[in-house]
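The values are calculated or read from the model by the stated rules, or taken from the named source; none is laboratory data. In this text the structure is predicted, and so the values were computed from the model without any measurement. A quick note on method: Cβ atoms are made from the backbone with ideal geometry, for glycine too, and the neighbour counts reach across all protein chains shown. SASA here: full protein model, heavy atoms, side chains in, ligands and nucleic acids out. Shrake-Rupley method; radii C 1.70, N 1.55, O 1.52, S 1.80 Å.
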Amino acid sequence: MPKAGTVEIAPSILSADFARLADEIAAIELADVKIVHLDVMDGHFVPNITIGPPVIAKLRKYSNLVFDSHLMISEPAKYAEHFVEAGADHITFHAEAAAEPQRLIDRLHELGATAGICLNPETPVDRIKAIAPLCDMVLVMTVHPGFGGQKFILDAAKKIIQVREIVGPDIRVEVDGGIDAQTAPIVVSYGADTLVAGNAIFSKPDRVSAINAIRQAYKVNPT
Ligand code: DX5
Ligand code: ZN
């Protein structure tokens, strides 16, 4: 994961054409992004199923971007190692799903990956107060996980302010759900520095200009 201190857009392939994933990642590389966000869903923790380690291992051959794997799965500790072996650079797991989060963070670090913890919209920041400073990134969901293209939940975004207070400037704070040129300036003003965007990028024919439109919005319209 790139060192904190810059705002990065992490395109989420959830809204990409899954039959052409390598090409879709090549298209976002043209916009000089550093991170690609890979949404992993198990049909149990969330009501949808996406990709697993075999797909990540294949994609690894086509891209040097930072693979930011967002595990929306039950029992993340059971599978985390498989994702790192497949080539994931960073693993975020859900606070609501992990039985022993500290142990999992330590294990990910031992495996050479960076580690993140994620909060659903209804989960209070207090839940991760002790553990957040041990992570490389904290992810605040601004939609209920499971699907792309949902409406941004402003009340959930406000938790970014509390998370940033807890972690200080050196840990990344990522936000995921409903990020576009309208909402990006809001979350950046709250302290987010890693902006996941799926629908706002992959629903547009020109991925590069869609990414640049989001960048332009938070640079030009600080709230
Ligand atoms: C939702 C996923 C997101 C999703 C965001 O459960 O975690 O990463 O792709 O999609 P948009 O940007 O369309 O809200
Ligand atoms: Zn995600």
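Quick one: among F93, F18, F83, which has the greatest mean-square fluctuation in a GNM of the chain with alpha-carbon springs under 10 angstrom?
Sorting by GNM fluctuation, first place goes to F18.
Along the charge dipole of segment 62-133, pointing to its positive end and built from +1/-1 on Cβ of Lys, Arg, Asp and Glu, which listed residue (L71, L108, V125) has its Cα farthest out?
Working it through, the farthest residue towards the positive pole turns out to be V125.
Round to a whole number: what % of the accessible area of segment 20-117 belongs to carbon and sulfur, probe 1.4 Å? Don't skip to the answer; put the middle values down first.
Details: 2230 of 4370 Å².
Roughly 51 percent, rounded to a whole number.
Under 30 Å Cα to Cα from K159, which lysines show up? Leave out anything in the same chain fewer than 8 places away.
Qualifying lysines at Cα under 30 Å: K3, K34, K78, K129, K151, K204, K219.
Using a/c under 1.5 as the rounded threshold, could you call segment 1-74 rounded, prolate or oblate? The axes a ≥ b ≥ c are square roots of the C-alpha gyration tensor eigenvalues, and prolate needs a/b larger than b/c, oblate otherwise. Write out the running numbers ahead of the final one.
Details: a/c = 1.96, a/b = 1.36, b/c = 1.45.
Oblate shape, in that a/c is at least 1.5 and b/c is the bigger or equal ratio.
Tell me, which longest segment in the chain has none of the trypsin sites (Lys or Arg not before Pro) that fall in DSSP loops with at most 14 further Cβ atoms within 10 Å?
On the way: sites that count: K3, K61, K129, K151.
Looking at the chain, 152-223 is the longest stretch - no exposed trypsin sites (Lys or Arg not before Pro) with at most 14 other Cβ atoms within 10 Å.
State to the nearest 20 debye the size of the charge dipole of the chain about its Cα centre, where the only charges are +1 on K and R beta carbons and -1 on D and E beta carbons.
Details: 20 positive and 28 negative charges, 68 e Å.
That gives the chain a dipole magnitude of about 320 debye.
Tell me what the chain gives for mean residue ellipticity at 222 nm when only DSSP H runs of n ≥ 4 count, each as -39,500 (n - 2.57), the sum divided by the residue total, rounded to 500 deg cm²/dmol. Each step should come with its number before you reach the end.
Numbers: 9 runs with 76 residues, N = 223.
After summing the helix terms and dividing by residue count, I get -9500 deg cm²/dmol.
Largest first and in whole Å, give the semi-axes of segment 99-223's equivalent ellipsoid, each being the square root of 5 times a Cα gyration tensor eigenvalue.
Taking √(5λ) for each Cα gyration eigenvalue gives 26, 16, 14 Å.
Grab the other residues whose beta carbon is less than 15 angstrom from that of A22, score K and R as +1, D and E as -1, and report the net.
Net local charge, A22 excluded: +1.
How big is Rg to Rh over segment 48-122, alpha-carbon atoms, Rh as the Kirkwood inverse-mean-distance radius?
Rg/Rh for segment 48-122 comes to 0.95.
Considering the alpha-carbon set of segment 41-172 alone, what are its Rg and its Dmax in angstrom?
14.3, 39
What residue among I51, I160, I73 shows peak mean-square fluctuation when the chain is described by a Gaussian network model with Cα springs under 10 Å?
Top of the fluctuation ranking is I51.
Ignoring ligands, DNA and RNA, what accessible area per residue does the chain give at 1.4 Å, in Å²?
Per-residue value: 44 Å².
Kirkwood Rh over Cα pairs of the chain into Stokes-Einstein at 25 °C, 0.890 mPa s: D in µm²/s?
My calculation gives 144 µm²/s for D.
About the Cα centre of segment 149-221, what is the dipole size in debye to 20, counting +1 per Lys and Arg Cβ and -1 per Asp and Glu Cβ, all else neutral?
Values: 9 positive and 8 negative charges, 33 e Å.
I would put it at about 160 debye.
Given a 1.4 Å probe and the protein chains all in place, what does the accessible area of S15 round to, in Å² to the nearest 10?
Roll a 1.4 Å probe over it and S15 shows about 40 Å².
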